[in-house]
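**Q** The structure that follows is given in the form of structure tokens.
The values are calculated or read from the model by the stated rules, or taken from the named source; none is laboratory data. Here the structure is a predicted model, which is why all the values come from computation and not from measurement. Glycine gets a Cβ as well: all are built from the backbone with ideal geometry, and neighbour counts include every protein chain shown.
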Amino acid sequence: MRKVRIEWSYPMDINNIIYDERMSDIGLYYITRNFGGHITDLYIGKTTYNFHSRLESHIKNWLGDHRGLIQVRLGYIVYPQNITRQYRKELIDSAEKTLIYFMRDKLKHNKQCMKDCYPKYWLDIYNTRYIGNLSPRLHFNHEEWYGW
């Protein structure tokens with residue numbers, strides 16, 4: 001099992017984050033909605049191209065259907081460090097699948113990878129900073145590992 005630490009940014013309004021300087025980066029993102037003081041987990045995704053294109057696609061395709069404040073946290077793999085771009089992309093992909101698997105009952109818009117999407121790497125994920133409803137640590141025990 002590989003250890004990964006993901007650092008999550010402060011949640012930002014979807015309409016403001018599009019203009020943020022980090023939009024050319026790659027990584028994970030976690031979309032939530034605050035409506036009437038109730039926060040709903042909507043979506044966990046990844047981008048191996050850039051945040052801007054993925055978030056704009058979501059805005060055009062489905063985020064406009066939701067009332068309330070839509071917020072996004074950007075997730076960066078900060079450990080391991082000094083890895084190749086290709087390996088970082090593979091870790092991002094495996095982290096997305098693992099996060100969706102563990103959050104599957106809470107997410108409103110993730111339709112794929114709920115139960116049958118296998119990560120390339122089995123990860124022991126440590127979520128840090130502004131994690132919202134994510135658990136600080138996500139990993140498979142032996143029964144889950146072999147039962148998935």
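**Q** If you take the residues in region 15-43 that are of a type in the set (A, V, I, L, M, F, W, C) and either part of a strand (DSSP E or B) or in contact with a Lys or Arg (Cβ under 8 Å, 6 or more places away or on another chain) (or both), which one is surrounded by the fewest Cβ atoms within 10 Å (Cβ to Cβ)?
**A** As a first pass, look at region 15-43 and keep what is of a type in the set (A, V, I, L, M, F, W, C): 17-18, 23, 26, 28, 31, 35, 39, 42.
Filter again for either part of a strand (DSSP E or B) or in contact with a Lys or Arg (Cβ under 8 Å, 6 or more places away or on another chain) (or both), leaving 26, 28, 31, 35, 39, 42.
Working: Ile26: 17, Leu28: 23, Ile31: 25, Phe35: 12, Ile39: 16, Leu42: 22.
Restricting to residues being of a type in the set (A, V, I, L, M, F, W, C) and either part of a strand (DSSP E or B) or in contact with a Lys or Arg (Cβ under 8 Å, 6 or more places away or on another chain) (or both), the top hit is Phe35.
**Q** While we're here: Collect the residues in region 59-93 that are among the polar types (S, T, N, Q) and modelled with pLDDT of 95 or more, keeping them in residue-number order.
**A** Residues of region 59-93 that are among the polar types (S, T, N, Q), as a first pass: 61, 71, 81-82, 84, 86.
Gln71, Gln81, Asn82, Thr84, Gln86, listed by residue number.
**Q** Of the residues that make up region 90-104, is at least one under 13 Å from Leu28 (Cβ atoms), part of a loop (DSSP other than H, G, I, E, B) and in contact with a Lys or Arg (Cβ under 9 Å, 6 or more places away or on another chain)?
**A** Within region 90-104, none of the residues are under 13 Å from Leu28 (Cβ atoms), part of a loop (DSSP other than H, G, I, E, B) and in contact with a Lys or Arg (Cβ under 9 Å, 6 or more places away or on another chain).
**Q** Of all residues in region 7-47, which are farther than 23 Å from Asp93 by Cα and in contact with a Ser or Thr (Cβ under 6 Å, 6 or more places away or on another chain)?
**A** Of everything in region 7-47, those that are farther than 23 Å from Asp93 by Cα and in contact with a Ser or Thr (Cβ under 6 Å, 6 or more places away or on another chain) turn out to be Arg33, Ile39.
**Q** Within region 109-131, count every residue that is modelled with pLDDT under 95 and in a loop (DSSP other than H, G, I, E, B).
**A** So the answer is 14.
**Q** Let me ask something else about it. In region 44-89, what count of residues is obtained for those that are buried (at least 20 other Cβ atoms within 10 Å of the Cβ), in contact with a helix residue (DSSP H, G or I) (Cβ under 9 Å, 6 or more places away or on another chain) and not in a helix (DSSP H, G or I)?
**A** Within region 44-89, residues that are buried (at least 20 other Cβ atoms within 10 Å of the Cβ), in contact with a helix residue (DSSP H, G or I) (Cβ under 9 Å, 6 or more places away or on another chain) and not in a helix (DSSP H, G or I) number 10.
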